[in-house]
Structures are given as structure tokens and as C-alpha cells.
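Reviewing the structure listed below.
The values are calculated or read from the model by the stated rules, or taken from the named source; none is laboratory data. Worth saying up front: this structure is predicted, and the values here are computed from it rather than measured. Neighbour counts are summed over all protein chains in view; Cβ atoms, including those assigned to glycine, are modelled from backbone coordinates with ideal geometry.
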């Protein structure tokens, strides 16, 4: 019996995401501002949350700056950025088309990186290399995180992870893992809504399933657990020494905290990420989660094919 | 193994390709994309066994395809359907919404496809969402009695300054062709044929197309309703649809994530009955964005297997184009 290692506060409520109701998400957003959000994160931290998981939404750079100046990042509290901010680029694509979006992305990259691009070769050939582009983009985003922060892991957004699974693009996954490990000395992670397929993919592609973080839905009603609740539960025994952090444990607010906790307690999870939108809610959620005694089964390494 | 061709590798083409690849016995085996730059990118991440073509005719000529997903800009949809039909191959077609840029063009698509064996379906995925299916069932079962009046909107923050993509160009864009088709399809599905229309359209940021439309609709059934659509409203992270229906026995609110039956006089002591999407079994073999995308693609293949006609057939989809044109005609001069 061990306590959960990763108890994270997620940023959904802070950027207008709700899996229960979009209208409710907009209302929540209206009563929040950066100061209030930082208060909620502080409350989470002082009640047992071990870190903050967030997409690189524009609001989050303000939140991080404030967390930094208010000393939260100096404490025993880690950051888990999720990259890229997919929804933002979908909007840019609607406005500017794919080429315009790539242009915008390159414009965001600092002058130094743009100079590197030119040294490496014609801008177009670099722009035609999605793996190279992703690397430049990730480096840019990670470099913007406050220096003082402890990075618990850097996670690839579910849209990219799940596209990579389906198109069998192991080079995307491999390059992401190498870049985060070698350049940033951080733990690479993946968000996926197709957990069983994710585990299958690593096995089929002979990718080393070691020391990774996987963030994926686990909840009593099987909401967003793909292809099924049973299959995802069974796949938990095949993750080697990687850490699985459950998301959507409340199924977007559909379940109550007690039933959510009861469900995740016996699973082979390293923790959970939960979004909260008020100090009181943060207190309730993290007080509960920090006391759950999980039953992580004895982890075994996957056989390695050399 | 079914061999699938993708025409257009924009975000919807990539999405459908991902779902298709994840379904049993289906593989994207060919891609038709004119933009060299996109092809060069795709070659670096897509499986090596995918072939690439710059035009649809040579893709059909060289590949024994079972089905084609057309996810190009709207104006290319019908010329591509005609091109495929001319090749006289029995290929099933899935076309992203809307079917065409105009009612005339949609009619041509229907007539042309009538000469082609196979399934012809349009991507109105909201009809495969358990929430909208539940709402339709409640309406049909008379849960709110006879619908008398409705107000509906479809809003997004997709366009908050002048856009540069085909979505804001005359003939291929505008909020009525881009954002509104889902809402229009749902309204026609819920309430049947429209008798008369009056409307206004306005542009807020775009030079060539409308960014907003308000339409008053009178249905053959006698029902009346207001439909508002705008893609330039701030604060919408994702597009949202809302339909509020007032019946002679009760009221109902339908949104993407829930259906709410409002209590009436006779049920005054009852709480509103709210049903969220979590209530339904929405498990799919592969989840990308909302499960209804997978549901609709599975329906497409299921119709191919059974030789049946999908609910969102070309002829159903053409009705959406007819109503869009009527709204535009009535509103002409109000931009």
C-alpha cells in the first residue's frame, strides 16, 4: 500500500474546458482571473497536490509567472506542461490555412532559433520536416517556463499522440522522447485517450516503455476509456516502470469524489490529475486524494527485444 | 482489408484518416493532395505504404480503392464527385460537410452519384452524437407535445479578425457554409421541411462573406423558429450549438453535451430532467475529438457492408444547401 506519488491539479477550468458542459465552462471562466486561479493552485498545493498540469494556453504563461513570483514554484511542487496547445492552432488554421499557421508558428520561435533554421538550410525544407519543426516548437515552449520551476514531466498533447498511434508514426514518439530526455533532462510523457492502443503501439513498434508518464482517462463509468474500461484496466499491467496518471476520474464532474476515489484506489496508477475551479473545491479534492492508499501492483519491466 | 483514399489532407482529412486507420480491416492506402508542401510533410510521418497523387483521376486509375473520403475546400467537393463518377468505378464516397457550395451544385452531386454504386454519405456527425439522437427521440415520442416554437444558435470564436483561408472567400466560405450546416441539418432532422424563410446576414470582419446570419423559419408543420449563427463571438473555446424548443406540453433545451427537459405546470414539483453525454455508452474503438466522428465513420462502413443508405445521405445533405441558399437569397442586400 502506497500513497499516490503524483497528485496533480489540472488547468481545464482555467482555460474554459468542461467535459460536462461547455456553457458551464464559460460561466466558470467568467468568475476567474489570474489572481484567483493562482489562489486555487496554492490551495491545491497546500492540501496535497504535488504539481500542476497545463496546456500551453496563453493564460498559462501569466499563471506561471504569478506562481513563480508568489513562491509556489520554489516549493515542492512540479510542473507538467502539455504541448502543443492544439485548440489554438486549429483556430489559426481556420483563419489562415495550414501554411499561414506554420508561418505563425515559425514567427513565434525566437530570433536565435530562426537564425538556426537558416543555418540548417532553406527555411522551406525545414518547414517541410514535421519532426524538426516539432522539436523547434517544443524547445521554444519549454524555454518559456520559469527557470526556477521543477519539471515533473513534459507531455505530448493527446491530439498528436493519438494521431501518431493511428498513423503508426513511431518517429514522432521516438523523437519526442529523445528530445525531452536529452535536451531537457526531463521525463517524457504522453496524453492519450486511446490507452490500450498506446500500449499496443509501443510493443508493436518495439519502443522502450520505460520511465515514461502516461496521462489517460480512468473512471468508474468508463468515460473516454478507449476502446473499453476493461481493456484499459488490463493494459495497466503492461506499462513497465512507467507511471500512469489518471485523468477524468470524475468523468468531467459527472461522478462524485468518493466514487471516483473508490474506483482508482485499487488500480495500478501513480496518481491522478483533477481540475478544480475554487479554493474550497481544491481543498476537498486534494485532501481526499492525498490520503488514498493506492495498491500499485508490483511493477515488472517488459521483456526487451534487442 | 479495405483500401481507403483521402482527398485533401487538411484537419478533417487527417482526422478521418486517423479514425479509418484505427478501424479493423481499414487502411488509408492513398492520398490525393495538390499542395506539394503538405505532401512532403505527410511523407515524413505517414506509413511508407501510402501512395500520393496530385489529382483524383490518377489515384482512382492506379489504386483499387473501396472508399474515398473527400475533405477538401467546399468548392472542390462536387467536381471531385463528378470526376470519380466519370471514372465509372464503384467507390463509396464520404464527403465532409456541407455537400456543396450551393443548392445547384448539391443537386448535381446527387444526380451524378445516382450513377455510382456504393454508399454516399456526408459528414454531419452531430446526428451520430447520443445527445442529439436522444433529443430527436424525445421530440418524436412527444415528450414536449407538439413543438410550437424554437430558438437555436450556433456560435464560435473562429473568426475574430479578417481571415485569409478559403473559409472567408466568396463562393467557398462564410458562416452559413462553414459553421451553420450542423445546426441547419439538426433543425431539418428535428422538424422537417421549411415552408418560408426571412433572414438577415451581416459581415463583421470579412470582406467577401457573411459572419453572422439570423433567420426566421416557418415549417410545413406550422412550427416557427429563430436560428442565429455567428463565428465572431468572443469567449467560445469550441463551437457551441443550442436549441431551445417550446412545445404544447413542455420545453426542452438541447446542447452538444446535454438535453434538459424543463418541468411544466403539471410537473411543477419535479426537477428539470438533465441528461449528460456521460449517461450514454459512447465507447468507440478509437477516440479522436468527439466519439461521434468515429461513430459516423463506422456507420459509413456499416452501410457499405449492408448495402444500406446512411441517414446523412447526399439527398439529405442537399436539403441543407437548399436552406442555406434560401437564407442567402432572402437576406441578399443586407450584408
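For every residue, the table says whether it meets (1) modelled with pLDDT of 95 or more; (2) in contact with a strand residue (DSSP E or B) (Cβ under 9 Å, 6 or more places away or on another chain); (3) crowded, with 17+ Cβ neighbours inside 10 Å; (4) within 20 Å of residue A:37 (Cβ to Cβ).
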residue	(1), (2), (3), (4)
A:239	no, yes, yes, no
A:245	yes, yes, yes, no
A:293	no, yes, no, no
A:299	no, no, no, no
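When you scan the range A:133-235 for helices (runs of 4 or more DSSP H) that lie fully inside it, which ones turn up with 3 or more residues that are within 13 Å of another protein chain (Cβ to nearest Cβ), at negative phi and in contact with a helix residue (DSSP H, G or I) (Cβ under 8 Å, 6 or more places away or on another chain)?
On the way: elements: A:158-166, A:170-178, A:195-204, A:229-235.
Because the criterion is at least 3 residues that are within 13 Å of another protein chain (Cβ to nearest Cβ), at negative phi and in contact with a helix residue (DSSP H, G or I) (Cβ under 8 Å, 6 or more places away or on another chain), the helices (runs of 4 or more DSSP H) in the range A:133-235 that meet it are A:158-166, A:170-178, A:195-204.
Scanning for something more than 20 Å from the chain's Cα centre (by Cα), modelled with pLDDT of 90 or more, surrounded by fewer than 20 Cβ atoms within 10 Å (Cβ to Cβ) and more than 14 Å from every other protein chain (Cβ to nearest Cβ), does the range B:274-291 turn up at least one residue?
no
With (1) under 12 Å from the mean Cα position of the chain (by Cα); (2) closer than 24 Å to residue B:17 by Cβ as the list, and residue A:189 as the residue in question, which single condition is left unmet?
Every listed condition holds for residue A:189 apart from (2).
Going by the structure shown, is residue B:99 in a helix (DSSP H, G or I), under 14 Å from the mean Cα position of the chain (by Cα) and modelled with pLDDT of 95 or more? Walk me through how you get there before you give the answer.
On the way: in a helix (DSSP H, G or I): no; under 14 Å from the mean Cα position of the chain (by Cα): yes; modelled with pLDDT of 95 or more: yes.
Judged against the criteria, residue B:99 is not a match.
Quick check: is even one residue across the range A:36-44 at pLDDT below 95, within 19 Å of residue A:153 (Cβ to Cβ) and in contact with a strand residue (DSSP E or B) (Cβ under 8 Å, 6 or more places away or on another chain)?
no
So which residues in the range A:1-30 are within 13 Å of chain B (Cβ to nearest Cβ) and more than 25 Å from residue A:223 (Cβ to Cβ)? Working first, answer last.
As a first pass, look at the range A:1-30 and keep what is within 13 Å of chain B (Cβ to nearest Cβ): A:11-30.
Listed by number, the list holds a single entry, A:30.
Residue under question is residue B:158, and the condition is that it be touching a helix residue (DSSP H, G or I) at 6+ places or on another chain (Cβ under 9 Å) and either within 14 Å of chain A (Cβ to nearest Cβ) or assigned to a loop (DSSP other than H, G, I, E, B) (or both); does it hold?
Yes; evaluated as a whole, the condition is true for this residue.
Can you pull out every residue in the range B:1-17 that is surrounded by fewer than 19 Cβ atoms within 10 Å (Cβ to Cβ) and either outside any helix (DSSP H, G or I) or more than 23 Å from the chain's Cα centre (by Cα) (or both)?
Selection gives B:1, B:2, B:3.
Take residue B:319 and tell me if it is touching a helix residue (DSSP H, G or I) at 6+ places or on another chain (Cβ under 9 Å) and on the phi < 0 side of the Ramachandran plot. Even if it seems obvious, please write down each step before you answer.
Working: touching a helix residue (DSSP H, G or I) at 6+ places or on another chain (Cβ under 9 Å): yes; on the phi < 0 side of the Ramachandran plot: yes.
Yes; evaluated as a whole, the condition is true for this residue.
Quickly run through the range B:18-48 and pick out the residues that are at the interface with chain A (Cβ under 7 Å from one of its Cβ atoms) and either surrounded by 18 or more Cβ atoms within 10 Å (Cβ to Cβ) or part of a loop (DSSP other than H, G, I, E, B) (or both). I'd like the intermediate steps shown before the answer.
The initial filter retains those residues of the range B:18-48 that are at the interface with chain A (Cβ under 7 Å from one of its Cβ atoms), namely B:18, B:21-22, B:37-38, B:40-41, B:44-47.
Matches in the range B:18-48: B:18, B:21, B:22, B:38, B:41, B:45, B:46, B:47.
Quick one: would you say residue B:247 is more than 12 Å from chain A (Cβ to nearest Cβ) and free of Cβ contacts under 8 Å to residues at least 12 places away in the same chain?
Working: more than 12 Å from chain A (Cβ to nearest Cβ): yes; free of Cβ contacts under 8 Å to residues at least 12 places away in the same chain: no.
Considered against the rule, which asks whether it is more than 12 Å from chain A (Cβ to nearest Cβ) and free of Cβ contacts under 8 Å to residues at least 12 places away in the same chain, residue B:247 comes out as no.
Does the range A:139-158 hold any residues that are surrounded by fewer than 22 Cβ atoms within 10 Å (Cβ to Cβ) and under 22 Å from residue A:206 (Cα atoms), and which are they?
A:157
Those residues that are assigned to a helix (DSSP H, G or I) and closer than 26 Å to residue B:232 by Cα, I need them from the range B:127-155; list them, please. Don't jump to the end; show me each part of the working.
Step one: of the range B:127-155, the residues assigned to a helix (DSSP H, G or I) are B:127-128, B:130-140.
Selection gives B:127, B:131, B:132.
Which one of the conditions (1) in a helix (DSSP H, G or I); (2) in contact (Cβ under 8 Å) with a residue 24 or more places away in the chain does residue A:36 fail to meet, given that it meets all the rest?
Of the numbered conditions (1) in a helix (DSSP H, G or I); (2) in contact (Cβ under 8 Å) with a residue 24 or more places away in the chain, the odd one out for residue A:36 is (2).
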